[in-house]
Amino acid sequence: MKKLAQMVILLGLSSLILIFPLFASGTPEQAASGTQKTVEQVQLNNNIPSGDLEIFSWWAGDEGPALEALIKVFKAKYPKVNVINATVTGGSGVNAKAVLKTRMLGGDPPESFQVHAGQELIGTWVTAERMVDLTPLFEAEGWTDVFPEDLLKLLGTDDGIWSVPVNIHRSNVMWYIPANLKKWGVEAPTTWADFLKIAPQLQAKGVIPLSVGQTWTVNHLWESVALGVLGPEDYSALWEGEIPWTDNRVVDVWRTFAKVLDYTNKDAASLSWQQATDMVVNGKAAFNIMGDWAAGYMTTTLNLDPGKDYGWVPSPETKGTFMFLADSFGLPVGVENPDAAVAWLKTCGSLEGSDTFNPLKGSISARTDSDLSLYNAYLRSAASDFGSNRIVGSLAHGVVANEGFMNDFSTVMEMFLSSRDPQQAANACQAIAIQNGMIR
Ligand code: GAL
């Protein structure tokens, strides 16, 4: 109990340090419901954009090709603009988000930055009144008709629309190499019980059953386990604050998760998500659960053929549910070159931009009118599932929780990795959910 109290104090301090400067003018809830909101709207004009345009993201190195292709589309239309492709490497923005926060707080925003649709955008930057309302741009470009309504809800509030989506990624995918599974005499598991049954057999053959990398990839695995164990209804109810974290169903998630972790690689903390994927590709590991940027990596970077060289299934017990996230770009308040920023956002939301970017990225277009003939077998299957499955939001990629919660969740995860105590993790999550305004 004492340990838990210390942990809560520690978590409390860490979130205060992170959040206080952003929300110095009020708590998130006050700002969200307050009447004194100052909303700056984007100004549209006929100026020909020129000068510097800084685009900030974490799409560097292996993650870069899709963004570079999108920038090429932009350059062809706006040759007078000098694009500064500012990247801070590190999967899921672990490093980029911290740098961005410092820059935003220091009054040095880039013209546009990568941000996830949902709470990462709304519960972090919009709440802090750091974003420009893009409603006039959405109307001028006809985007309110072209992006799915449910996605628009995650980009907007009563006060405006705050970013332009460039894609839709799926989080709950299990990847494998069909030839290897055949060699080892196993099939991709459809339940966690199945996985726990075949895992010792794989281990006996010297194969790591499931590869993971640094902490955020463990969070990513956790959300898939949570979706599988809880089912889509309870998973969503958790984020609505309708099921407390201390509920036995949620404690059960942590119990199953602990068992799954027993079959992962010991060097996880030092591996990037690509290195965890590599373990599957080179036959060291049987499976990896990762978002479908892994398909982008395997196809675009490693030149593997989806469906032949690598295979995929929904992560165990999540068939019929598409855990989604969307990358988007927004316009911060106070940028130096708003004309170039608006031109960039136009490119992000355009059909040409989208159908250039997504086939390389391993994601499907956020637009409902995209040309599926440009997409490979994996992406066509993702598009079909997106159209027919139940949709829920990702935790690890900003849809269902704000950044304060996410940062604290990572701390809880680090503690769980050493304690493996499900009840303690559940209690700590309840505390951080309250602290970050997620339970009202
Ligand atoms: C996610 C992001 C993806 C991909 C991934 C790995 O958060 O939405 O586009 O970049 O991180 O870095």
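The values are calculated or read from the model by the stated rules, or taken from the named source; none is laboratory data. Being a predicted model, the structure only gives us computed values, none of them experimental. Because the Cβ atoms are built from the backbone with ideal geometry, glycine has one as well, and the counts that use them run over all protein chains shown. Just the protein is used for accessible areas: all its heavy atoms, side chains included, with ligands, DNA and RNA removed. Shrake-Rupley method; radii C 1.70, N 1.55, O 1.52, S 1.80 Å.
In Å, what Kirkwood hydrodynamic radius results for segment 265-387 from the alpha-carbon pair distances?
16.4 Å
Starting from the Kirkwood Rh over alpha-carbon pairs, what translational D in µm² s⁻¹ does segment 327-440 have by Stokes-Einstein at 20 °C and 1.002 mPa s?
Details: Rh = 17.6 Å.
Once the numbers are plugged in, D ends up at 122 µm²/s.
Taking 4 °C and 1.567 mPa s as the conditions, I'd like the Stokes-Einstein D for segment 54-103 in µm²/s, using the Kirkwood hydrodynamic radius from alpha carbon pairs. List each step's numbers first, then the result.
Values: Rh = 11.6 Å.
Result for D is 112 µm²/s.
Using only helices, what value at 222 nm comes out for the chain when you add -39,500 (n - 2.57) per DSSP H run of length 4 or more and divide by the total residues, to the nearest 500 deg cm²/dmol?
On the way: 18 runs with 203 residues, N = 440.
After summing the helix terms and dividing by residue count, I get -14000 deg cm²/dmol.
Going by amide H atoms built from the backbone, whose H comes under 5 Å of the H on Phe113, apart from near neighbours?
Sorted by chain and number, the residues that satisfy this are Phe56, Gly330.
Within segment 157-263, report the GluC sites (Glu not before Pro) that DSSP leaves as loop and that have at most 13 other Cβ atoms within 10 Å. Show your work: numbers first, answer last.
Values: sites: Glu187, Glu223, Glu233, Glu240, Glu242; in loops: Glu187, Glu240, Glu242.
Sparse-neighbourhood loop GluC sites (Glu not before Pro): Glu187, Glu240, Glu242.
Segment 95-139: percent of C-alpha pairs farther apart than 17 Å? Provide the component values of the computation, followed by the final result.
Working: 326 of 990 pairs.
For segment 95-139, the fraction of Cα-Cα distances above 17 Å is 33 percent.
Let a ≥ b ≥ c be the square roots of the eigenvalues of the Cα gyration tensor of segment 200-280; is it rounded (a/c under 1.5), or, if not, prolate (a/b larger than b/c) or oblate? Please report the intermediate quantities before stating the final value.
Details: a/c = 2.82, a/b = 1.90, b/c = 1.48.
Prolate shape, in that a/c is at least 1.5 and a/b is the bigger ratio.
Give the separation of the Cα centroids, segment 328-404 to segment 167-215, in Å.
Distance between centres, Cα-based: 28 Å.
Pick out which of Leu304, Leu70, Leu360 has the largest mean-square fluctuation in a Gaussian network model of the chain, springs linking Cα atoms closer than 10 Å.
Of Leu304, Leu70, Leu360, the Gaussian network model singles out Leu304 as fluctuating most.
Express the accessible area of the chain per residue in Å², computed with a 1.4 Å probe while the remaining protein chains stay in the model.
Working: 17600 Å² over 440 residues.
About 40 Å² of surface per residue is accessible.
Once you have the alpha carbon radius of gyration of segment 126-279, what is it after dividing by 2.2 N^0.38 Å, with N set to its residue count?
So segment 126-279 has a normalised radius of gyration of 1.35.
With the contact rule set at Cα under 8 Å and sequence spacing of 6 or more, what percent relative contact order holds for the chain?
Numbers: 759 pairs, mean separation 120.8, N = 440.
It comes to 27 percent, rounded to a whole number.
For segment 72-172, what D do you get in µm² per second when you plug the Kirkwood radius from alpha-carbon pairs into Stokes-Einstein at 25 °C and 0.890 mPa s?
Numbers: Rh = 15.3 Å.
It diffuses with D of about 161 µm²/s by this estimate.
Sort largest first and round to whole Å: the equivalent ellipsoid semi-axes of the chain, each the square root of five times a Cα gyration tensor eigenvalue.
Working: eigenvalues 235, 153, 67 Å².
Taking √(5λ) for each eigenvalue gives 34, 28, 18 Å, largest first.
For the chain, what % of the accessible area comes from carbon and sulfur atoms, probe 1.4 Å?
On the way: 9160 of 17600 Å².
Solvent-exposed carbon and sulfur of the chain make up 52 percent of the total.
If I ignore ligands, DNA and RNA and count only protein heavy atoms, how much of Met415 is accessible to a 1.4 Å probe, in Å² to the nearest 10?
It works out to around 50 Å².
Taking 25 Å as the cut-off for C-alpha to C-alpha distance, list the pairs among Lys97/Lys284; Lys319/Lys361; Lys259/Lys284 that go past it.
Values: Lys97/Lys284 32 Å; Lys319/Lys361 23 Å; Lys259/Lys284 20 Å.
In this structure, Lys97/Lys284 lie more than 25 Å apart at Cα.
Starting from the alpha-carbon convex hull of segment 113-156, give the projected area averaged over all orientations, in nm². Write down the numbers at each step before the final one.
Values: hull surface 12.6 nm².
The orientation-averaged projected area of the Cα hull of segment 113-156 comes to 3.1 nm².
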